[in-house]
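K.L.:
Submitted below is the structure of interest, expressed as structure tokens.
The values are calculated or read from the model by the stated rules, or taken from the named source; none is laboratory data. Computed from a predicted structure; not experimentally measured. No Cβ is skipped: glycine too gets one built from the backbone with ideal geometry, and neighbour counts run over all protein chains shown. Note: accessible area is taken over every heavy atom of the protein model, side chains too, but ligands, DNA and RNA are not part of it. Shrake-Rupley method; radii C 1.70, N 1.55, O 1.52, S 1.80 Å.
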Amino acid sequence: MDSVIDPDPYIKLVTELGDMRQVVAIDDIRNHQGATLIQRGESVDSAKYDRLAGHQLLRPLDYSLAVEDRVTADRLMLDGKGLLHSEPELEQAIDKRFIQRDLLTPIGTIPLEPQLAFKLTVCRERCVERYQHMLRVALVALYIVSRLRWPADDRQELATAALFQDLGEMHLVPDLFTSRQPLSMAQHRQIYSHPSIAYRFLKPFPNYHPRISEAVHQHHERLDGSGYPNGLSGEEIIPAARVLGAAELLTAVRLERKNNSGRLFSTAEVLKFNADRFGKDIIMPLIESAKRLDGSADKAAPAGSVNKTILQARMKLLNDILQGADGIDVSGDNEMALFIVKQLQRLTGMAQRCGFDLRAPVKLLNIIGDEERALSELDALVREMIYLVQSTAREALRRWVNDETPAQDQAPLTKWLRHVDLTLYSAGFLSH
């Protein structure tokens, strides 16, 4: 008898898709012991969920199913065009001269194996926000490489990778992405696994492996070694992955930013701050885009849109954490300690190169006074610094800490990292 396992959340998405349009088994769907769960020719909908859930399948569902009106490259191009039309900021971020030839055409020519077309159809119909996010990233990434004059074949591969990069998230519990409560490290590890899930799915296809699959696998890696899943650095990271990461940064901090409320926000400053993590060559076209967006925001933003009291509280919090890090002992061979100190020193240096000394928050705010643009730049940098310090703490915990170690037996550095993670999580909810 097949042992019971936690059901793959993707099964629920697939069976729900069958409630919307016809999904048919083109092969028998079997569990890993060979027992038939769904016969060839059967329709699949939510009524069949219990037959599939809790089984380890012999092959991924995408190999055994066909869907009516599945996603095509033409559909992807039309959806990209529709997104540009409906989102003025996205269109403004991209030089209009590049839209048809260098952005939409590569999307409209990407190779789609049936299994990937099926998976994209599930994403488009059941995970709309994720699907649109990948389209935004694809458009921004293509804008970057059009400015860098990449060859047409490389642009097509980049577009393909962008539209596949987050498909692994459909195999993770949706609550991981919507929870308003702090996640455990075990839950963070699940999120960090999504590039590897997508990579494993792409690897068997010669059309996608290794160039596209590696770009997907590495799109959360960073030049300074702070990324995941493998902590790659420098030239270990392929250019396409760096482009995807940079495009996702602009998408996340500006194009998908919630609750703007007309307030000033210096997107360009965030991008400058991250130049060393992605490469200045890749970041420069985005800084130009960000300046266009920031210029429009300046005209609409009300006076006093940055709350100086909250900004000062965040800066003090960062300063306290940096001072705490000064006491970390790096005299031995503790890899985790060395990683933390190195990353925090690098982040502090990045801030100083942007003209901000976060170790002197009161002095810095006195110098700036009430100058709105400078406050906006500082606010953006502090928010990004909080995110990156928290990411450093989580990455250290992911790489070197065993979740099963009881709290009372954890090393002082581990306890400090968990405290930093929780404190910065709470700081993220300070309201403007």
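K.L.:
Mind running the shape call on the range 15-55? Use the C-alpha gyration tensor, a ≥ b ≥ c as the square roots of the eigenvalues: rounded below 1.5 for a/c, prolate if a/b tops b/c, oblate otherwise.
P.N.:
oblate
K.L.:
How long are the three semi-axes of the equivalent ellipsoid for the range 1-108, computed from the Cα gyration tensor as the root of 5 times each eigenvalue, in whole Å, largest first?
P.N.:
Values for the range 1-108, descending: 39, 14, 12 Å.
K.L.:
Helix 73-86 versus the longest principal axis of the chain: what angle, 0 to 90°, nearest 10, using Cα atoms?
P.N.:
Long axis of 73-86 versus the principal axis of the chain: about 40 degrees.
K.L.:
Go through (1) 21, 43, 26, 9, 0; (2) 24, 53, 22, 1; (3) 29, 59, 12, 0 and flag the label whose value is the computed P(r) over Cα pairs in 20 Å bins from 0, in percent for this structure.
P.N.:
Checked against the structure: label (2).
K.L.:
Any idea what the dipole of the chain comes to, in debye rounded to 20, about its Cα centre with Lys/Arg Cβ at +1 and Asp/Glu Cβ at -1?
P.N.:
Around 780 debye, computed over the chain.
K.L.:
Cross-link list 81/203; 272/308; 96/291; 12/119; 48/203: which exceed 25 angstrom alpha carbon to alpha carbon?
P.N.:
Table pairs above 25 Å Cα-Cα are 81/203; 48/203.
K.L.:
May I pose another question? Can you send over the solvent-accessible area of residue 30, 1.4 Å probe, protein chains only, in Å² to the nearest 10?
P.N.:
90
K.L.:
Using only protein heavy atoms and a 1.4 Å probe, report how much of residue 20 is accessible, in Å² to the nearest 10.
P.N.:
For residue 20, solvent-accessible area is about 100 Å².
K.L.:
Sticking with this one: Work out from phi, with θ = phi - 60° and the Karplus expression 6.51 cos²θ - 1.76 cosθ + 1.60, the ³J(HN,Hα) of each residue of the range 202-217, listed in order in whole Hz, and give x for Gly and Pro.
P.N.:
7, 4, x, 9, x, 5, 10, 10, x, 5, 6, 4, 5, 4, 5, 5
K.L.:
What translational diffusion coefficient, in µm²/s and rounded to a whole number, does the Stokes-Einstein relation yield for the range 92-166 at 4 °C and a viscosity of 1.567 mPa s, taking the hydrodynamic radius as the Kirkwood radius over Cα pairs?
P.N.:
Translational D for this selection: 103 µm²/s.
K.L.:
Given only helices, namely DSSP H runs of n ≥ 4 each adding -39500 (n - 2.57), what is the per-residue ellipticity at 222 nm of the chain, to the nearest 500 deg cm²/dmol?
P.N.:
-18000 deg cm²/dmol
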